[in-house]
Amino acid sequence: MENNNEHYDASDIQVLEGLEAVRKRPGMYIGTTDVKGLHHLVWEIVDNAIDESLAGYCKNIEVIINKDNSITVKDDGRGIPTAVHPKTGLSTVETVYTVLHAGGKFGGGGYKVSGGLHGVGASVVNALSKWVEVKVYKNGEVNFIRFENGGHTVEPLHVIDKCDEKRTGTVVTFKPDPEIFDTDVYDYNTLMVRIRELAFLNKGLSITIRDDRDEEDTTGETFLYEGGISEYVKFINQEKTPIHEDIIHLEGEEDGVQFEVAMQYNTSYNENIYSFVNNINTHDGGTHEEGVRRALTRVINSYARKTGMLKEKDESLTGDDVKEGLTMIISCKHPNPQFEGQTKGRLGNSEVRKLADSVFSQGFERFLMENPEDAKLIVNKAMLACRARNAARKAREITRKSEMATTNFFGKLSDCKSKDPKVSEIFIVEGDSAGGSAKKGRDSMTQAILPLRGKILNVEKARLDRALSNEEIRTIITAFGTGIGEEFDLSKLRYDKIIIMTDADVDGSHIRVLLLTLFYRFFKPIVEAGHVYAAQPPLFCIKHGKTIKYVLNEEERDKYLATLNPNTKVDIARMKGLGEMDAEELNETTMDINKRVLRKITVDDCVAADAIFEKLMGDEVEPRRKFIEENAVYVQNLDV
Ligand code: 0RA
């Protein structure tokens, strides 16, 4: 105790060095400093509140986007401890917010399963903020602390007010440091979608989001789902037609590992299976998903055989057959999860496979026994999928044998000379006339052109076998070289970039959406691997003296005009459609790799993308046209 002062000085310096390390290399702690990193800060703070709710002490969380783009997160948990912490000599609140990796140690050995940096997030958020204020309601007192400029304590913890003895909780407000982040503007929708998801994944927890930048938003939106992931399944299926009424919801627990799954089949041909561990999306699956998939195939086959729906001579249903039209959410809460794979998107804990298998197989078998009508519909659907799969195989064999050899195919595709996929690209072009100009304007060494005549089939409503009977689609498959369905092989892709080149009008948007649907349904790995792009033909050509400048939209036009000398007579022309451009113009504006602008298409939020496709591709024509008209820049919405 005699070296007290010295000790505090030393730890003080250590603390600041820790936070300084975060500011020097923010990417190491939050991934990126772009808009994604900006939003990541919110999740770090929200995760702490969710941990408190998982520990059983917090029922309500509120997230507020303030006018100045600072964020407030309120919870009604026990409140972060305020007493002096023996190791640091500082209040525990200050310790949590200033000592890197401190969070977990203050969990009191409690139940801690939420994602993020396992509670270490608070100090990271502090390090990357212009200022942070924390209020702790506890023991009839309101405690307050303020930090500035990357975690420097400017007001240590002190009591600022009294409150009701019964009131407990934590209120954190932080303002991200604009020197760290590329942008300081929060996106309501991004926050709302994830908050809604967190509410689905944590049944009974109420989470509100309010946007105080929006004068009209006075109440915010509150998400509270007593049914948890069952309600998530219902939400995903709301625009679809379920084939059985009740959502199947199964859960179990072993050695502190909680496992639950909810599912419902619909009449579509697509699967929507999403799995989570500690509220984090495991996009590459893992042992929890494997256990369920294995059990699902086994139980359906055994039920189908037992009831005679599958005869002795019939082949067994495959994993692909039984997941057709299946919407499923798998959620696992694990005290010690092992995340594997390059993006850590896979659960590795092997004991979870057994738990998932046993919980799922017992519960699902029982459901089939107790609901024979539903069981029959489910098995029938899988048997139809099996038949379609076999029909598709036959169609594919025919495609493979004949397509490459026909003049018909080569008549359509103007392939590039290079056979090296790394440098090759294919433009899928709307209409023959644009196709003609593109052929003349391309670099024939590396650029292939595939003109599409008319509209391709709407695959949202077609199974693989029917999609394969569509000539335009067969041409695309043959050109890609990857095959489709069971035999799809990404490594055989013949082009590094697949570039959709359509006009910036309603018809162009429609064709683009149809193509995206095709890719999303049948070539998802190509989209996920980042091979799909949309060309961005310019909207205006600005001539100014001898310089010619092409710009993509009104905003860019005005920005550019503002940079010009106002006294020179400038010539602004609205660009023609792709089909009216000559080869040189098309090359200059849209195809030349040194001048063009491409947008990468990604499927970041599959739930959202699926909902959009559903809306666009449903039976009603009018809402679809309207939606496309209102969202002419639709492709941007899919971008990250
Ligand atoms: C550890 C122990 C206690 C509460 C918390 C952590 C806690 C942390 C956070 C972070 C955000 N909100 C929070 N709410 C609670 C219990 C302290 C006690 O019982 O005195």
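Worth pointing out:
- Interchain or long-range residues, amide H under 5 Å from residue 427's placed H: 448, 449, 450, 499
- With θ taken as phi - 60° and the Karplus curve 6.51 cos²θ - 1.76 cosθ + 1.60 applied, the whole-hertz 3J(HN,Hα) list for the stretch 378-385 is 5, 5, 4, 4, 5, 5, 5, 4 Hz, x standing for glycine and proline.
- Converting phi to 3J(HN,Hα) with the Karplus coefficients 6.51, -1.76 and 1.60 and the offset θ = phi - 60°, the stretch 570-576 yields 8, 10, 10, 10, 6, 6, 7 Hz in sequence order, with x at every glycine or proline.
- Derived scalar couplings ³J(HN,Hα) [the stretch 273-284; Karplus, 6.51 cos²θ - 1.76 cosθ + 1.60; whole Hz; x for Gly, Pro]: 10, 10, 10, 9, 10, 6, 6, 9, 5, 8, 5, 9
- On the basis of the beta-carbon distance and an R0 of 30 Å, residue 572 and residue 593 show a calculated FRET efficiency of 0.70.
- Packing-based ranking, highest mean first, of 156-169, 24-37 given that Cβ atoms within 10 Å are counted: 24-37, 156-169
- Taking every alpha-carbon pair within the chain, the share separated by more than 48 Å comes to 26 percent.
- Rounded, prolate or oblate (a/c below 1.5 giving rounded, otherwise prolate when a/b exceeds b/c) for the stretch 428-537 by Cα gyration tensor: oblate
- Orientation-averaged projected area, Cα convex hull of the stretch 509-553 (nm²): 4.2 nm²
- Inter-part distance where the stretch 436-515 and the stretch 524-585 are each reduced to a Cα centre, Å: 25 Å
- For the stretch 168-218, the fraction of alpha-carbon pairs lying more than 14 Å apart is 69 percent, rounded to a whole number.
- Per-residue extension of 0.36 nm, minus the Cα-Cα distance of residue 453 and residue 554, leaves a gain of 33.3 nm for this segment.
- Amide H contacts under 5 Å for residue 275, placed H, 5+ residues apart: 282, 330
- Inter-part distance where the stretch 117-175 and the stretch 233-291 are each reduced to a Cα centre, Å: 37 Å
- Two-site label geometry, residue 294 and residue 16: point separation in nm, points 7 Å out along Cα→Cβ: 5.5 nm
- Potential lengthening between residue 390 and residue 158 on full extension [0.36 nm per residue; Cα-Cα distance subtracted]: 76.3 nm
- Report note on the peptides 545-557, 339-351: ranked by the mean count of other C-beta atoms within 10 Å, highest first, their order is 339-351, 545-557.
- The Cα-based radius of gyration and maximum Cα-Cα distance (Dmax) for the stretch 287-390 are 15.3, 46 Å.
- Mean Cα-pair separation over length for the stretch 500-560, i.e. relative contact order, pairs under 8 Å, 6 or more apart, %: 26 percent
Throughout, read-outs are computed from the coordinates displayed, never taken from laboratory work. All of these numbers come straight from a predicted model, not from anything done at the bench. Glycine gets a Cβ as well: all are built from the backbone with ideal geometry, and neighbour counts include every protein chain shown.
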